[in-house]
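Step one of this worksheet: look at the structure below.
Rule-based calculations on the coordinates, nothing more; no lab input. Given the structure is predicted, the values throughout are model-derived calculations rather than measurements. Cβ: placed from backbone, ideal geometry, glycine included. Neighbour counts: every protein chain shown.
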Amino acid sequence: KKHQGELKFAQQVVKELMSKKYSSFNYPFLEPVDPVALNCPTYFDYVKEPMDLGTVSRKLNNWEYETADQAEADIRLVFKNCYAFNPDGTIVNMMGHRLEDVFNTRWVD
Ligand SMILES: Cc1ccc(Nc2c(-c3ccc(O)cc3)nc3c(C)cccn23)cc1
């Protein structure tokens, strides 16, 4: 009960990160990375715990998180995985940093 308000806030932030407003740089993070579709067979050598914003949104809607901190950890895992696989200077790495900047401005602890 006591965490419901903060989980509603987390849902609202994830909805915004996934919105058309940021469609030019959020699309690599909306669904699970498909190493076959993207032709990146080494993906699971770099990323041991895949995570994406669509999965976070589903988990929020299914009340799979008890606290907003747990949702925040999954959201930050999306960016951590992005930087682990997409080196500095690559387009997708820069897209991750742009979306992370939006997240950091919206997420108030
Ligand atoms: C050969 C190769 C190299 C880089 C990539 N990165 C990448 C990723 C990605 C996102 C998050 C993540 O944690 C890892 C990868 N998403 C994409 C998309 C949507 C299009 C093109 C490249 N993309 C894909 C294939």
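Looking for something outside any loop (DSSP other than H, G, I, E, B), more than 30 Å from residue 5 (Cβ to Cβ), of a type in the set (Asp, Glu) and more than 8 Å from the ligand (Cβ to nearest atom) - is there at least one such residue anywhere in the stretch 24-47? Yes, the stretch 24-47 contains at least one residue that is outside any loop (DSSP other than H, G, I, E, B), more than 30 Å from residue 5 (Cβ to Cβ), of a type in the set (Asp, Glu) and more than 8 Å from the ligand (Cβ to nearest atom). Pairs are defined by a Cβ separation below 6 Å, a sequence spacing of at least 6 or placement on different chains, a first member in the stretch 77-103 that is charged (D, E, K, R), and a second member that is surrounded by 14 or more Cβ atoms within 10 Å (Cβ to Cβ); the pairs so defined are 98/25; 100/79. Considering each residue of the stretch 74-90 in turn, none proves to be aromatic (Phe, Trp, Tyr), crowded, with 16+ Cβ neighbours inside 10 Å and more than 16 Å from the ligand (Cβ to nearest atom). Only a single criterion out of (1) within 25 Å of residue 3 (Cβ to Cβ); (2) within 12 Å of the ligand (Cβ to nearest atom); (3) part of a loop (DSSP other than H, G, I, E, B) is not satisfied by residue 50, namely (1). Somewhere in the stretch 31-46, is a residue under 26 Å from residue 109 (Cβ atoms), within 12 Å of the chain's Cα centre (by Cα) and not hydrophobic (A, V, I, L, M, F, W, C)? Scanning the stretch 31-46 turns up no residue that is under 26 Å from residue 109 (Cβ atoms), within 12 Å of the chain's Cα centre (by Cα) and not hydrophobic (A, V, I, L, M, F, W, C).
Pull up the stretch 64-94, narrow it to residues that are among the aliphatic types (A, V, I, L, M) and over 12 Å from the mean Cα position of the chain (by Cα), then point me to the one that is nearest to residue 6 (Cα to Cα). So, considering only residues that are among the aliphatic types (A, V, I, L, M) and over 12 Å from the mean Cα position of the chain (by Cα), the one nearest to residue 6 (Cα to Cα) is 68.
Residues in the stretch 28-52 that are among the hydroxyl-bearing types (Ser, Thr, Tyr) and without any contact (Cβ under 8 Å) to a residue 24 or more places away in the chain: 42 only. Looking at this structure, is residue 72 of a type in the set (Asp, Glu) and closer than 20 Å to residue 16 by Cβ? Yes; evaluated as a whole, the condition is true for this residue. Step by step: first the residues of the stretch 11-23, then only those that are in a helix (DSSP H, G or I) and within 19 Å of residue 97 (Cβ to Cβ), then the one that is nearest to the ligand (Cβ to nearest atom). Which residue is that? If we take residues in the stretch 11-23 being in a helix (DSSP H, G or I) and within 19 Å of residue 97 (Cβ to Cβ), then 23 is nearest to the ligand (Cβ to nearest atom). Looking at (1) within 21 Å of residue 107 (Cβ to Cβ); (2) in a loop (DSSP other than H, G, I, E, B), which is the only condition residue 56 fails? Result: residue 56 fails condition (2) only. Residues in the stretch 1-23 that are under 19 Å from residue 79 (Cα atoms), touching a residue at least 12 places away in the same chain (Cβ under 8 Å) and not charged (D, E, K, R): 7 in all.
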